[in-house]
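In what follows, a single structure is set out as structure tokens and then discussed.
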Amino acid sequence: MNTQEMVLEKGFYDAVIDPHLDLFAEIDRLKKEKNAVILAHFYQEPDIQDVADYIGDSLGLAQKAKETDADRIVFAGVHFMAETAKILNPTKKVLLPDLKAGCSLADSAPAPLFRLFKEKHPNHIVVSYINCTAEIKALSDIICTSSNAVKIIESIPPDQPIIFAPDKNLGAWINKKTGRDMLLWNGSCMVHEIFSLEKITKLKMRHPNARLIAHPECEDPVLAVADYIGSTTQLLKFSETDSHNEYIVATETGILHQMQQRSPGKTFIPAPPDNSCACNDCPHMKRNTLEKLYLCMQYETPEITMDEPLRLAAKKPMDRMLEISKAAGLIG
Ligand code: 13P
Ligand code: SF4
């Protein structure tokens, strides 16, 4: 969103929402009234994390979306995540506060191009990162998240060729960890590619006791100097249990809210981007606001809908992922 759009949007929400409303209390009331559950990703703004019923990474959120018996799932995250909830729990009404909350990684794999790529490699199976559209999921054999990616790949016979999509950085990291040679789709996340190795190195010199913790969507040079690599949930757990007191965090800044809450005595420093903008804030995740969350619950729109044939095709590789994750003890 550019500055003009932001000003217009703020004006709109100021005009339609009574400024005296306590949005936290209103959202709480709507949750009960409508039997709604709010599922939020760690990258959401702190206020949204604080009103959510469950905060998690992509794997945890998918599992919660599948299991919930609430009538309405309000997804405080991005479009592919709300779509995933609909794929797994079609009888529930799935709401997303801002329908434009997309994902650069999901956008980097348009289904028609990916279909052609897949046709060129007929002996490969397709493992796709959950950060992709329902159409890409439908073209895949197994889905993975950053929490279970290594286990998913290890569950596939070593001589079976694999296409991995859409994140080339996560794919390269898995290749390194498992010794595989997966064919990688050339996609990436705009947030995790922005970190500056030079600035991180200088920061490490100024904070010699700080440990660098990074998400595997980061580029290889950053991962090569990281002390720990993992999904958002894994980074959070590490920051809680590790004995150090200072961390440089190479992922989207939203996670720092949970890290700080769970370890109030520790210091968390966002890894610096390669220019002065706030580029390690995901502009898609940050489209959701408390105001939009309130209106979306009040009016039950925007809603995620999906054709049944597409949903069923996309569900198959999702189910496969959940089965493998369960067998590996990654989910309950
Ligand atoms: P996880 O939730 O699997 O850590 O992935 C982070 C992410 O980029 C979500 O968009
Ligand atoms: Fe997509 Fe990256 Fe934003 Fe996650 S952080 S939603 S991968 S653009």
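The values are calculated or read from the model by the stated rules, or taken from the named source; none is laboratory data. If you're wondering where the values come from, they're calculated on a predicted model, not measured in any experiment. FYI the Cβ positions are ideal-geometry reconstructions off the backbone, even for glycines, and counts take in every protein chain you see. Heads up: the accessible areas ignore ligands, DNA and RNA and are worked out on the full protein's heavy atoms, side chains in. Shrake-Rupley method; radii C 1.70, N 1.55, O 1.52, S 1.80 Å.
Which residues, counting only those in region 188-210, are within 23 Å of Val150 (Cα to Cα) and of a type outside the set (Val, Ile, Thr)?
The answer is Ser188, Cys189, Met190, His192, Glu193.
Name every residue in region 221-266 that is hydrophobic (A, V, I, L, M, F, W, C) and more than 21 Å from the chain's Cα centre (by Cα), in order of residue number. First the steps, then the outcome.
From region 221-266, those hydrophobic (A, V, I, L, M, F, W, C) are 222-226, 229, 235-236, 238, 248-250, 255-256, 259; that's our starting set.
Those that are hydrophobic (A, V, I, L, M, F, W, C) and more than 21 Å from the chain's Cα centre (by Cα): Ala224, Val225.
In this structure, is Asp71 open to solvent by 70 Å² or more (accessible area, probe 1.4 Å), under 15 Å from the mean Cα position of the chain (by Cα) and either touching a residue at least 24 places away in the same chain (Cβ under 8 Å) or within 16 Å of ligand 2 (Cβ to nearest atom) (or both)? First the steps, then the outcome.
Working: open to solvent by 70 Å² or more (accessible area, probe 1.4 Å): yes; under 15 Å from the mean Cα position of the chain (by Cα): no; either touching a residue at least 24 places away in the same chain (Cβ under 8 Å) or within 16 Å of ligand 2 (Cβ to nearest atom) (or both): yes.
It is false that Asp71 is open to solvent by 70 Å² or more (accessible area, probe 1.4 Å), under 15 Å from the mean Cα position of the chain (by Cα) and either touching a residue at least 24 places away in the same chain (Cβ under 8 Å) or within 16 Å of ligand 2 (Cβ to nearest atom) (or both).
From the residues in region 138-169 that are aliphatic (A, V, I, L, M) and touching a strand residue (DSSP E or B) at 6+ places or on another chain (Cβ under 6 Å), which one is farthest from Leu116 (Cα to Cα)?
Step one: of region 138-169, the residues aliphatic (A, V, I, L, M) are 138-139, 142-143, 149-150, 152-153, 156, 162-163, 165.
Those still in the list that are touching a strand residue (DSSP E or B) at 6+ places or on another chain (Cβ under 6 Å) too: 142-143, 152, 162-163, 165.
Working: Ile142: 18, Ile143: 19, Ile152: 24, Ile162: 16, Ile163: 13, Ala165: 13 Å.
Selected residue: Ile152.
Exactly one of (1) in contact with a strand residue (DSSP E or B) (Cβ under 9 Å, 6 or more places away or on another chain); (2) farther than 20 Å from Pro317 by Cα; (3) open to solvent by less than 40 Å² (accessible area, probe 1.4 Å); (4) not in a helix (DSSP H, G or I) is unmet by Asp181. Its number?
(3)
With the structure loaded, tell me whether Ile142 is more than 13 Å from ligand 2 (Cβ to nearest atom), closer than 21 Å to Met285 by Cα and crowded, with 18+ Cβ neighbours inside 10 Å or whether it fails that test.
Against the criterion (more than 13 Å from ligand 2 (Cβ to nearest atom), closer than 21 Å to Met285 by Cα and crowded, with 18+ Cβ neighbours inside 10 Å), Ile142 does not qualify.
Among the residues of region 208-240 satisfying the criterion of being part of a helix (DSSP H, G or I) and more than 13 Å from ligand 1 (Cβ to nearest atom), which is farthest from Cys103 (Cα to Cα)?
It comes out as Glu240.
Does any residue in region 87-111 that is under 17 Å from Ala40 (Cβ atoms) and among the acidic types (Asp, Glu) come within less than 9 Å, Cβ to Cβ, of a residue that is away from ligand 2 (no atom under 13 Å from the Cβ) and open to solvent by 20 Å² or more (accessible area, probe 1.4 Å) six or more places away or on a different chain, and which pairs are these?
The qualifying pairs are Asp98/Thr289; Asp98/Pro302.
Can you find even one residue in region 193-200 that is part of a loop (DSSP other than H, G, I, E, B), aromatic (Phe, Trp, Tyr) and either over 29 Å from Ile162 (Cβ atoms) or within 16 Å of ligand 2 (Cβ to nearest atom) (or both)?
No, there is no match, as no residue in region 193-200 is part of a loop (DSSP other than H, G, I, E, B), aromatic (Phe, Trp, Tyr) and either over 29 Å from Ile162 (Cβ atoms) or within 16 Å of ligand 2 (Cβ to nearest atom) (or both).
Do we find that Glu45 is open to solvent by 10 Å² or more (accessible area, probe 1.4 Å), of a type in the set (D, E, K, R) and within 16 Å of ligand 2 (Cβ to nearest atom) in this structure?
So Glu45 passes the test.
Restricting to region 145-166, name every residue that is in contact (Cβ under 8 Å) with a residue 40 or more places away in the chain, among the β-branched types (Val, Ile, Thr) and either away from ligand 1 (no atom under 14 Å from the Cβ) or open to solvent by 10 Å² or more (accessible area, probe 1.4 Å) (or both).
Within region 145-166, just Ile163 meets the criteria.
Return the only residue of Thr253, Thr267 being surrounded by 13 or more Cβ atoms within 10 Å (Cβ to Cβ), within 16 Å of ligand 2 (Cβ to nearest atom) and polar (S, T, N, Q).
Thr253
Tally up the residues in region 274-316 that are open to solvent by less than 30 Å² (accessible area, probe 1.4 Å) and within 16 Å of ligand 1 (Cβ to nearest atom), please.
Counting residues in region 274-316 that are open to solvent by less than 30 Å² (accessible area, probe 1.4 Å) and within 16 Å of ligand 1 (Cβ to nearest atom) gives 4.
Among the residues of region 276-320, write down those that are under 17 Å from the mean Cα position of the chain (by Cα) and in a helix (DSSP H, G or I).
Met285, Lys286, Arg287, Met318
So which residues in region 167-194 are of a type in the set (Val, Ile, Thr) and free of Cβ contacts under 8 Å to residues at least 60 places away in the same chain, if there are any at all?
Ile174, Thr178
Within the group Glu5, Glu33, Glu9, which residue is at pLDDT below 95, away from ligand 2 (no atom under 16 Å from the Cβ) and open to solvent by 50 Å² or more (accessible area, probe 1.4 Å)?
Glu5
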